[in-house]
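J.: I'd like to ask you about the structure that follows.
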Amino acid sequence: MGGKKKNWKETEKSTPAAKNSTSIEQESLVTDLYRQRRARNNVMSLLLASLISTTIYGTLENPFQYTLSNIGNLFAYREYFIIWSIIAGFSIQTACVVLFKLENFRRKRSYSLMVYASIALVVTAIIPALRDLMPMWWLLHVLTAMFYAAFLILGLVPFLLFITRENPRLRGSVIGWMSAILGGCILSLVFFGKSAIYEIWFILAVTIFLMYLSLVLFEESIVKICVGLLRNSRNLDEDVEKIFIDRKSLKSRE
């Protein structure tokens with residue numbers, strides 16, 4: 001009679017149903033954590049493939065003398081040009097879409113523009129770019145190349161504005177990267193004229209920028225999940241690694 005009554009919340013926490021609910025929540029967080037890490041690795045792998053393929057293809061001939069289109073159309077590298085466009089277009093498009101979803105960016109037009117950009121790049125590589133022999137095809141080639149850059153920029157810029165509003169500390173980095181991309185293209189045109197340098201700079205700079213964004217945004221998302229999962233942890237990094245080690249060992253047993 002004289003004993004203290006347990007608070008109803010404490011009683012609820014001690015029930016099997018409450019414990020089961022907590023276990024399910026933790027398992028959901030672990031699954032989400034594993035998914036985020038895998039998505040980050042996939043995005044980084046794709047962007048690395050874009051980086052390497054652009055560097056290799058762009059240097060098959062002298063990039064200071066020929067454009068990427070010249071390398072593919074004036075020499076025996078037409079198939080390589082198309083393959084490169086598929087790799088670069090798909091990698092950049094996929095990375096952007098994954099980042100959009102990661103940050104819950106719901107502007108459907110940006111998703112569509114990324115797809116259009118990827119298609120425009122591949123179409124640009126397929127269309128012959130022989131100005132003297134096929135002037136109409138050459139003009140169409142130039143237009144699709146311009147569409148690629150326009151679609152990519154129009155799809156990406158609203159997302160960049162969105163994440164800088166949500167996370168103001170990224171504003172300086174984003175402005176710096178965009179200035180470097182644009183400034184590098186202008187300087188390349190001024191100093192090297194119409195060559196592959198400004199094209200390579202644009203593709204490589206955008207790819208590296210997306211790699212940077214992937215590292216930062218995925219890291220923030222993973223940290224949020226870890227904080228929710230390991231509230232009482234003294235060493236967050238070590239405990240997170242233990243989760244992945246335990247999960248891998250469990251899968252290997254299965």
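Laboratory data are not the source of any read-out in this text; all were calculated from the coordinates shown. Computed from a predicted model, the values in this text were never measured in an experiment. Cβ sites come from the backbone with ideal geometry, for glycine too, and all protein chains shown count toward neighbours.
J.: Whose amide H sits under 5 Å from the amide H of Gln65, counting only residues 5 or more places off or on another chain, with H placed in the peptide plane?
T.: Ala196
J.: In what sequence do Lys108, Lys224 fall when counting other Cβ within 10 Å, fewest first? It would help to have the intermediate numbers written out before the result.
T.: Values: Lys108 9, Lys224 13.
Lowest count first: Lys108, Lys224.
J.: Something else: Is the C-alpha gyration tensor of region 65-156 telling us rounded, prolate or oblate? Criteria: a/c under 1.5 is rounded; beyond that, a/b larger than b/c is prolate, otherwise oblate.
T.: Since a/c reaches 1.5 and a/b is larger than b/c, the shape of region 65-156 is classed as prolate.
J.: Using the number of other C-beta atoms within 10 angstrom as an exposure proxy, rank Ser221, Ser173 with the fewest first. Can you show the working numbers first?
T.: Details: Ser221 18, Ser173 14.
The most exposed by this proxy come first: Ser173, Ser221.
J.: Could I ask something else about it? Calculate, in nm to one decimal, what Trp137 and Arg38 gain on full extension: separation in residues at 0.36 nm each, minus their alpha carbon distance. Each step should come with its number before you reach the end.
T.: On the way: separation 99, 0.36 × 99 = 35.64 nm, distance 4.20 nm.
Gain in length upon complete extension: 31.4 nm.
J.: Can you compute 3J(HN,Hα) from phi for each residue in region 173-184, using the Karplus curve 6.51 cos²θ - 1.76 cosθ + 1.60 with θ = phi - 60°, rounded to whole Hz and x for Gly and Pro?
T.: My calculation for region 173-184 gives 5, 5, 4, x, 5, 5, 5, 5, 5, 5, x, x Hz in order.
J.: Going by how many other beta carbons lie within 10 Å of each one, how would you line up Ile186, Ile208, fewest first?
T.: Details: Ile186 12, Ile208 16.
So the residues, fewest neighbours to most, are Ile186, Ile208.
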